[in-house]
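J.: Below you will find the structure I want to go over with you.
Since every read-out is calculated from the coordinates, none of them should be taken as a lab result. Only a predicted model underlies this, so the values are computations on that prediction, with no experimental measurement involved. No Cβ is skipped: glycine too gets one built from the backbone with ideal geometry, and neighbour counts run over all protein chains shown.
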Amino acid sequence: MSENPTAGPIDAMSFEEAMAALEQVVGALERGEVPLEQSIALYERGAALKAHCAKKLAEAEEKVELIRAQEGRAVGTALAEGM
Amino acid sequence: MVLVFTHPDCARHVTPPGHPERVERLAAVERGLRGLPVDRRECPLGEAADVLRCHPAGYLARVKASVPEEGWAQLDGDTFLSPGSSDAAMRAVGGICAAVDAVVGGAARTAFVAGRPPGHHAERDIAMGFCLFGTVAIAAKRALDHHGLKRVAIVDFDVHHGNGTQDLMWDEGRCLLVSSHQMPLYPGTGRPEEKGAHGQIMNLPLRGGGTGHDMRQAYERVVFPALQEWDPELLLISAGFDAHADDPLAGLEWQAEDYAWLTRHLCEFAGGRVVSSLEGGYDLGALAASVAAHVGVLEERGR
């Protein structure tokens, strides 16, 4: 998979895997290594990887928010206890 | 009236089955031209001297020597030669040079050259991206060196960066080159930081999914003011129609009306002296509709 950023299922990828694949795709496009005819397929692959990364990031942010919210309650409890 | 240059030899550049840059594109262009009152001309064979203003003699000889007697010769990942390819490419060169002669000489105000193969990816000594000779750069050099114009401009609105034209015009301080293109996409070049030896090259990358509205804003914001300031005596257009929403090789969302809008604005410069040459455009229906829109405006403005 890491050898060929134009293939492989994206849904199962971790954030790190998807980012690495996206970097490969962008690099290949920027270095002009891809024939004209295949360039759009690679671009679309890149767009799908970017969407997957964004989704993973949003999920992680939600988790952080959840933890923060819980910590907020915890702090409140601590303050109440300290009074 | 707009001059339209074509030649049957341009259909003798045959690509392998399934290749997007195919002979049928010319029939789509003809469908687009149907009903327009255009003044037809045959592309003369281009002169080696015109090609040599941009490409080394060794490159011209190598391309000609690579032409196969039958079947195909492959020059890069997607650039092929068939037995008729050299004649076709030299007609495309001859057509645009004749168009420049007619428009600079005052015989016509606007011209469209429907030749193949396209040209804007061909670098000094590299055939690539379906292209053999840098036709529009060759035309710019003819206008400057043969006709003695002092300032010309090229606008390349093909969805891919005109890396070849950029390579050929990098040191040419008398020619403003503007290329708008989807990025990232083939061939990977075309960043705004690529400005040419005299700061005379302007690259305008567009984001994938961008619409005609985005294009209009970008051209109004930076391209039209740059053309206004440059005040060219002749405007050349690398007319690729692959930014159309239906095109299979790119991801922009332009419509045929966007090409009409853009052409109308471009005809405001250079005293309306505009020579346009076919580059990409791979959905046949979108190509026909876009050519109709583009050449329709060239016809209005050519009166």
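J.: Let me confirm one metric for peptide A:39-45, namely the mean number of other chain beta-carbon atoms within 10 Å of its residues' beta-carbons.
T.: Details: counts 12, 13, 2, 3, 9, 2, 0.
Per-residue shielding by partner chains comes out at 6.
J.: Between B:Pro232, B:Pro248, B:Pro118, where does the largest GNM mean-square fluctuation fall for chain B, given springs only between Cα atoms within less than 10 Å?
T.: Comparing B:Pro232, B:Pro248, B:Pro118 in a Gaussian network model of chain B, the most mobile one is B:Pro248.
J.: Moving to a separate point now. With both bridge residues required to lie in the protein assembly as shown, what share of the DSSP beta bridges run antiparallel, to the nearest 5%? Don't skip to the end; give the middle numbers.
T.: Details: 5 of 41 bridges.
Roughly 10 percent of the DSSP beta bridges within the protein assembly as shown come out antiparallel.
J.: Evaluate 2.2 N^0.38 Å with N set to the residue count of the protein assembly as shown, then give the Cα radius of gyration divided by it.
T.: The protein assembly as shown yields a ratio of 1.13.
J.: GNM, chain B, Cα, under 10 Å: largest mean-square fluctuation among B:Ala226, B:Ala114, B:Ala197?
T.: It is B:Ala197.
J.: Oh, and also: What fraction of the DSSP beta bridges in the stretch B:2-301 is antiparallel, stated in percent and rounded to the nearest 5?
T.: Details: 5 of 41 bridges.
So the antiparallel bridges amount to about 10 percent of the total.
J.: Also, quick follow-up: Using 0.36 nm times the number of residues separating B:Ala49 and B:Arg191, minus their current alpha carbon distance, what extension gain do you get?
T.: Working: separation 142, 0.36 × 142 = 51.12 nm, distance 3.18 nm.
Extra length from B:Ala49 to B:Arg191 when fully extended: 47.9 nm.
J.: B:Leu234's amide H: which non-local residues (gap 5+, or another chain) put their own amide H closer than 5 Å, with H modeled 1.01 Å from N in plane and none for Pro or chain starts?
T.: B:Ala153
J.: Which length gain, in nm to one decimal place, applies between B:Ala73 and B:His146 when the Cα-Cα distance is subtracted from 0.36 nm times their residue separation? Each step should come with its number before you reach the end.
T.: Numbers: separation 73, 0.36 × 73 = 26.28 nm, distance 3.37 nm.
Stretched out fully, the B:Ala73 to B:His146 stretch lengthens by 22.9 nm.
J.: Sticking with this structure for a sec: State the Kirkwood hydrodynamic radius of the stretch A:15-82 in Å, one decimal place, computed from all pairs of distinct Cα atoms. Can you show the working numbers first?
T.: Values: mean 1/r = 0.0684 Å⁻¹.
Kirkwood radius, the stretch A:15-82: 14.6 Å.
J.: Efficiency by 1/(1 + (r/R0)^6): what FRET value for B:Ala107 and B:Ala61, r their Cβ-Cβ distance, R0 = 41 Å, to the nearest 0.05? Show your work: numbers first, answer last.
T.: On the way: r = 33 Å, r/R0 = 0.81.
That pair, B:Ala107 with B:Ala61, gives E of 0.75.
J.: Based on the Cα atoms of the stretch B:63-204, what semi-axes does the equivalent ellipsoid have, where each is the square root of 5 times one gyration tensor eigenvalue, given in whole Å with the largest first? Walk me through the intermediate numbers first.
T.: Values: eigenvalues 119, 87, 29 Å².
So the equivalent ellipsoid measures 24, 21, 12 Å along its semi-axes.
J.: Still on this structure: Using a 10 Å cut-off around each Cβ of peptide A:24-34, what is the average number of partner chain Cβ atoms that fall inside? Write down the numbers at each step before the final one.
T.: Details: counts 0, 1, 2, 2, 2, 6, 7, 3, 9, 4, 7.
That works out to 4 on average.
J.: If you don't mind, another one. Which length gain, in nm to one decimal place, applies between B:Ala245 and B:His19 when the Cα-Cα distance is subtracted from 0.36 nm times their residue separation? Each step should come with its number before you reach the end.
T.: Working: separation 226, 0.36 × 226 = 81.36 nm, distance 1.95 nm.
The B:Ala245-B:His19 span can extend by a further 79.4 nm.
J.: Most fluctuating residue of B:Ser238, B:Ser82, B:Ser290 in a GNM of chain B with Cα springs under 10 Å: which is it?
T.: Judging by the Gaussian network model, the answer is B:Ser82.
J.: Hey, any idea what the orientation-averaged projected area of the convex hull of the stretch B:2-301's Cα atoms comes to, in nm²?
T.: Details: hull surface 51.9 nm².
With every direction weighted equally, the projected area is 13.0 nm².
J.: Long-range amide H contacts for B:Ser276: which residues qualify at under 5 Å (H placed 1.01 Å from N, peptide plane, sequence gap of 5 or more or a different chain)?
T.: Here B:Ala111, B:Phe112, B:Val113, B:Ile237 satisfy the definition.
J.: Under a 5 Å amide H to amide H cut-off, with H placed in plane at 1.01 Å, what residues pair with B:Val2 once short-range neighbours are removed?
T.: Correct list: B:Asp39.
J.: Jot down the radius of gyration and Dmax of the stretch B:213-303, Cα atoms only, both in angstrom.
T.: Spelled out, the Cα radius of gyration and Dmax of the stretch B:213-303 are 12.9, 36 Å.
J.: Let me have the relative contact order for chain B, percent, based on Cα pairs under 8 Å that are six or more residues apart.
T.: 21
J.: Let me ask something else about it. For the protein assembly as shown, how many pairs of lysine residues have a Cα-Cα distance under 28 Å, where the two are 8 or more positions apart or belong to different chains?
T.: Values: A:Lys50/A:Lys63; A:Lys55/A:Lys63; B:Lys64/B:Lys141; B:Lys141/B:Lys150; B:Lys141/B:Lys195; B:Lys150/B:Lys195.
The result is 6.
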